[in-house]
1. Residues to consider are PRO345, PRO250; find the one that is surrounded by 17 or more Cβ atoms within 10 Å (Cβ to Cβ), in contact with an Asp or Glu (Cβ under 7 Å, 6 or more places away or on another chain) and either touching a residue at least 40 places away in the same chain (Cβ under 8 Å) or within 28 Å of ALA5 (Cβ to Cβ) (or both).
2. Can you name every residue in the stretch 93-137 that is aliphatic (A, V, I, L, M), buried (at least 17 other Cβ atoms within 10 Å of the Cβ) and not in a helix (DSSP H, G or I)?
3. If I go through the stretch 176-233 residue by residue, how many of them are assigned to a loop (DSSP other than H, G, I, E, B), hydrophobic (A, V, I, L, M, F, W, C) and free of Cβ contacts under 8 Å to residues at least 24 places away in the same chain?
Amino acid sequence: MLYSAYEIAYAAVAPARIAAGIGARFWRSPFNPSADTWPARSAAAALDLFENMMRRYPKPEWSFATTTINGVDVPITIEVTASKDFGSLLRFRRDETALKKARGKKQVDPSVLIVAPMSGHYATLLRGTVEAMVRDHDVYITDWADARNVPVAAGRFDLNDYVDYLIDFMRIIGHASPNGRAHAMAVCQPGPALLAAAAVMAENNDPDRPASITLMGSPIDTRKSPTTPNILSQERPYEWFAQNMIYTVPVPYAGAMRRVYPGFVQLSSFLAMNSDRHMNAHYDYFQHLVEGDGDSADKHRGFYDEYLSVMDMTEEFYLQTIREVFQEHTLADGKFMHRGNLVKPEAITDIALLTIEGENDDISGIGQTQAAHDLCTNIPATMKMDHVQSEVGHYGVFNGSRWRNEIQPKVAKFIRSHNDERKTAPHKIAAE
């Protein structure tokens with residue numbers, strides 16, 4: 001009933017939201033003689049703030065069409081390489097002519113799959129991650145579907161399906177890559193799933209297993225330096241999450257009658273965790289509008305257009321993640337099962353491992369991602385690396401100036417140092 005009530009409330013406030021938008025434009029109109037007065041600017045700012053808080057935020061655009069390499073603008077085309085019911089594989093294809101001009105010689109860059117989290121936000125949350133990586137890599141990303149738009153006839157989607165999707169995507173990229181096995185990097189939540197997928201592929205000696213995996217701020221073992229979200233997931237029993245976090249998608253959505261963890265419920269939890277910070281941010285936004293500081297106001301809108309754009313997760317994926325990752329720690333304890341088979345990280349022998357953590361991460365604490373090294377006991381020491389980035393929180397691990405200037409160069413160097421085509425692509429060598 002909560003989901004239906006939410007939709008009804010949204011529809012009920014629509015007239016006021018529309019009126020607020022019209023009112024804001026009225027007070028700012030150049031034909032309004034009082035537009036430049038403090039009362040008019042304050043009224044416009046208040047109405048603008050109300051309209052922005054009450055509106056629905058659609059799936060954001062990627063909003064970049066070029067990258068700059070050695071001073072040359074290289075056009076980028078976003079292609080759907082593979083499409084499935086619950087997610088697509090996108091490729092950021094760089095224009096080959098411009099790329100050759102930028103480099104002055106032919107160079108085949110490593111292919112990299114960026115695994116975006118299925119945790120309420122869209123893959124565009126990793127826009128900064130992609131922008132930094134696409135300069136030196138052939139970049140792909142998982143673009144997960146909003147569960148409320150997936151018909152019930154498409155079936156269920158749980159953590160096992162997630163792992164299967166990653167394996168399928170790695171095979172697609174591996175077959176297309178001209179430079180040996182591809183590489184994969186997981187940002188936050190999908191770290192356990194990527195590690196499991198790599199272990200399954202390694203045990204099966206899959207020729208398209210990744211050449212390296214990079215885990216960034218990932219909950220491999222949440223018992224290490226537990227944060228507030230980790231503690232909350234332990235304090236409440238599994239049944240509490242099933243009873244209080246799962247709701248039925250209403251009509252007229254394509255996924256009507258599907259049981260989901262709604263994005264708006266998760267968003268309310270995010271906002272509650274840092275309510276003072278968000279209240280202060282919106283107050284500052286109001287002040288910027290009154291003062292006519294358009295740049296600061298635009299920066300605020302850009303952040304919240306992304307942050308407040310949310311998607312639903314399927315019931316089974318959310319609850320299985322709660323149980324397996326945050327409560328029972330099955331992967332960390334060597335008990336995680338995939339399709340009836342035990343997942344064995346120790347089966348990984350020739351997949352390089354890089355872990356990255358933020359010193360001030362309040363979502364995935366120090367040591368949680370590093371735990372992957374303890375599980376992958378048969379990866380040679382020369383193929384392992386850990387990096388703790390000082391002075392950054394969770395989002396700083398994959399976005400912002402520290403990511404661009406300090407973390408990403410380390411990731412790029414690590415990937416290139418483990419990108420030997422002859423060593424890592426036997427099926428392609430045989431084809432020659």
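The values are calculated or read from the model by the stated rules, or taken from the named source; none is laboratory data. Because the structure is predicted, anything quoted here is derived from the model rather than measured. Please note: Cβ atoms are built from the backbone with ideal geometry, for glycine as well, and neighbour counts cover all protein chains shown.
1. Numbers: PRO345 fails: in contact with an Asp or Glu (Cβ under 7 Å, 6 or more places away or on another chain).
Just one listed residue meets the conditions, PRO250.
2. Here is the first cut: in the stretch 93-137, the residues aliphatic (A, V, I, L, M) are 98-99, 102, 108, 112-116, 118, 123, 125-126, 130, 132-134.
Right, trim to buried (at least 17 other Cβ atoms within 10 Å of the Cβ) and you get 98-99, 102, 112-116, 118, 123, 125-126, 130, 132-134.
Selection gives VAL112, LEU113, ILE114, VAL115, ALA116, MET118, VAL134.
3. The qualifying residues number 0.
To keep it simple, each residue is scored yes or no on (1) in contact with a strand residue (DSSP E or B) (Cβ under 7 Å, 6 or more places away or on another chain); (2) at pLDDT 95 or above; (3) surrounded by fewer than 19 Cβ atoms within 10 Å (Cβ to Cβ).
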position: ASN280; (1), (2), (3): no, no, yes
position: GLY292; (1), (2), (3): no, no, yes
position: ILE322; (1), (2), (3): no, yes, no
position: GLU328; (1), (2), (3): no, yes, yes
position: ALA332; (1), (2), (3): no, yes, no
position: ILE363; (1), (2), (3): no, no, no
